[in-house]
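See below for the structure under consideration.
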Amino acid sequence: MFGTAARTQKLSADGATQTFGFISDHFFSDVYFKFAPTNGTAAGLHQYDTQLEDYSAAGIAREVAALHDYEKKVEAIDGTALDTAVAADREILLNNIKSELLTLEVIRGWEKNPDSYSSGITNAAFVIMERPYASADSRLRALVEREKLMPQALMEARKNLKNPAKISTEIALEQIDGDVSFFEKDVPGAFFSGADGAEVATDAGTKADFAKSNSAVIAALKSYGAWMKTDLLPRSNGEFRLGAETFQKKLVYDEMVDLPLARLLEIAMGDLRKNQAEFARVAKEVDSTKTPQEVLAELATIHPAPGELLNAFHGTFDSLMAFIREKKIITIPSDVQPTLEETPPFMRATTFASMDPPGAFETHSAKAYFNVTLPEKGWTVQHVAEHMASFNVGTIVSTSVHEAYPGHYVQFLWMPKFSSKIRKLLGANTNIEGWAHYCEQMMLDEGYAAAPAAATAEQIRQARLIRLGQLQDALLRDARFVNSIKLHTGQGEAGGTWTIEQAEDFFVKEGYQSRSVGEVETKRGTGDPTYLYYTLGKLEIMKLREDMKKKQGAAFTLQGFHDDFMRQGFAPVKVIRKAMLGDGSAVL
């Protein structure tokens, strides 16, 4: 019946837009949320709350078949018969389908990534408990139904996992205790503690059911952890690397970037050297008697105490908002600020800070959470110091800009203005993360945190340290850019394979990061292969801005550019260039 309707609508060019709207809507219900109900909950579509991903090999085969079916349906629509914006949506959707097929059929993380199961079910619980979109009893009932399916998911993991890379199993093992603790403490606390005035669950039957389902999940996670340690880890001799061909395809499908990898490496190294040179220049202004590395070491010690870290971030919000409005940087659609909290346990091994806004279709909870990873109990003094070095006086500013104003939080505030479901749900990271990273430099370039006129020596020093923090964050992203390509394509020195150890060293020596940060970032890179999108997207946006200046001349305004960029949603920059410039010129 569905296929017949689509064919009937396809008879005329005028019906092409209607056909595409019909097919794309069904894609989200038939594939996107059906096979990823946790994403449905996160998006604010709570009919999916009682469901869990089918992690079985048969379930994955059904998803692959559904994706191939919709790939054919979308390809059958004539893109030239669509308006420009809708034609772009068609290309975005088709690329998303191709990317998912590449992930399932070629990359096959379901056979290679044990953490995707344990952290996957943890996230499935987290998206129900994290925000009060319904009563505590209602959400707890949904969680019970989802939890009942979790032990089987971990059994499917044991069947599916073939030969993971050692580092992939090590990451899963590193996070498993946090997953267990999450279900032991965080989940019950969210529904029963009443902390911060939160509503508590009171229905006796639901509470009794939860006690059973939650205990079963905890036992299953502990058993999974023991199995990984004694069975999976000793035989984890596989490969995490994608290889050049798959890496290039993923970049095309996810970001619409088709530059040769050798050229991308040249761009990455060029930006890294430029930022290193600027770091050296500013460091010399801070203290001409010290080397840049010595100034960096001093900067690493200038940070708040761990217990004051959340307050330090919160203290930046008012000044950032005031500056943005005074300087007409971008329209901020709301005065409501994000809520700061500690990073959830299942994310702590591979991230320092993140923004978690409500989903595109969430109507009952407007809170956005700014997550910050605090030092763990039991860490050594050195580990704590290295971790806190990532939150120095400069990087606190750049991280607040990146995650909140005018970065990810402002992107979320603009989401209601996005033109389509596709622009809200199928985002390109070169847009999402590229924008946030671009803002770090742009805000300082526009004068935020600059020393005032007639500034004291200490004010001048403070401004320079903040610039160094921004440059350190830029170098971190440059190092990701280089390592993502080298780690996954094997492009090491003298034709050899780029190793985990070389990647860690590159973060430390070339990216100006601490050793512990280098370790975390390298781990992330093994499972997030194209995390070059930060710098890549930033450079694309900067080129687009310059091209818009040339086109508009005296009519160009920064706020106008930023607002127009934001209206395009989370589309790849290639799509946005065509919409704003009216041509298909190169993104870089």
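The values are calculated or read from the model by the stated rules, or taken from the named source; none is laboratory data. Predicted model only: the values in this text are computed from it and were never measured. For neighbour counting, all protein chains shown are included, and Cβ atoms are generated from backbone atoms with ideal geometry for every residue, glycine included.
Things to note:
- Tally of residues being in contact with a Lys or Arg (Cβ under 9 Å, 6 or more places away or on another chain), surrounded by fewer than 16 Cβ atoms within 10 Å (Cβ to Cβ) and small (G, A, S) across segment 219-268: 0
- Filter pass, L310 being modelled with pLDDT under 95 and either surrounded by fewer than 19 Cβ atoms within 10 Å (Cβ to Cβ) or not in a helix (DSSP H, G or I) (or both): yes
- If you go through segment 437-447 and pick out every residue that is surrounded by fewer than 17 Cβ atoms within 10 Å (Cβ to Cβ) and in contact (Cβ under 8 Å) with a residue 24 or more places away in the chain, you end up with 2.
- Just one of the listed residues (A454, A450, A428) is touching a residue at least 60 places away in the same chain (Cβ under 8 Å) and among the aliphatic types (A, V, I, L, M), and it is A428.
- Hits in segment 69-117 - residues which are within 21 Å of N163 (Cα to Cα) and out of contact with any helix residue (DSSP H, G or I) (no Cβ under 8 Å at 6 or more places or on another chain): R108
- Those residues of segment 186-218 which are surrounded by 13 or more Cβ atoms within 10 Å (Cβ to Cβ), of a type in the set (G, A, S) and either touching a His at 6+ places or on another chain (Cβ under 6 Å) or assigned to a helix (DSSP H, G or I) (or both), in sequence order: G189, A190, S213, S215, A216
- Members of segment 564-588 found to be among the acidic types (D, E) and either crowded, with 16+ Cβ neighbours inside 10 Å or touching a Gly at 6+ places or on another chain (Cβ under 6 Å) (or both), listed by number: none
- Within segment 242-274, the only residue that satisfies the criterion of being under 11 Å from T530 (Cα atoms) and not in a helix (DSSP H, G or I) is L242.
- Selection status of M415, within 23 Å of K367 (Cα to Cα) and outside the structural domain of E91 (by TED's automatic domain parsing): yes
- Qualifying residue in segment 162-185 (condition: free of Cβ contacts under 8 Å to residues at least 12 places away in the same chain and of a type outside the set (F, W, Y)): yes
- A479 being part of a helix (DSSP H, G or I) and more than 16 Å from E266 (Cβ to Cβ): no
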